[in-house]
Amino acid sequence: MFIALAAADPNTAIVAAGVFDKIGELTNNGKVALQSAASCLVLYFLLRNLMQSFTIARLVVSALIGAAALWVVFNMDSLKDRTGEDLAISVVQVVEAPDPSLDLPV
């Protein structure tokens, strides 16, 4: 895409590259913000459950739920890739044979 923009107008290519860089930077910042917010929410969840009544069972269950939530948030990329691989494997391409009555050059 950058090559096509540069061929049309070199100034446009520079502006487009800056926009794509800015979008990538905002995406990374958003990911870090989401991970930080999730960490704070899990910590709040754990402390709130412990303040209600302190038992070892409540501590273990809350920690496991929080750890599972954090694992999902921090491993979004690997989950996305794994889902894409599973979908790619399950897709079957069906190719129909051409009609023999058609006289097509090969």
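Bear in mind these aren't lab numbers, they're just calculated from the coordinates by the rules spelled out. Values in this document were obtained by computation on a predicted structure and should not be read as measured data. Quick reminder, even Gly has a Cβ in these numbers, built from the backbone with ideal geometry, and neighbours come from all protein chains shown.
Describe numerically, in nm with one decimal, the distance between label points set 7 Å from Cα along Cα→Cβ at residue 54 and at residue 20.
5.6 nm
Residues in segment 38-63 near a label at residue 70, defined as backbone nitrogen under 11 Å from the 7 Å Cα→Cβ point?
38-44, 46, 63
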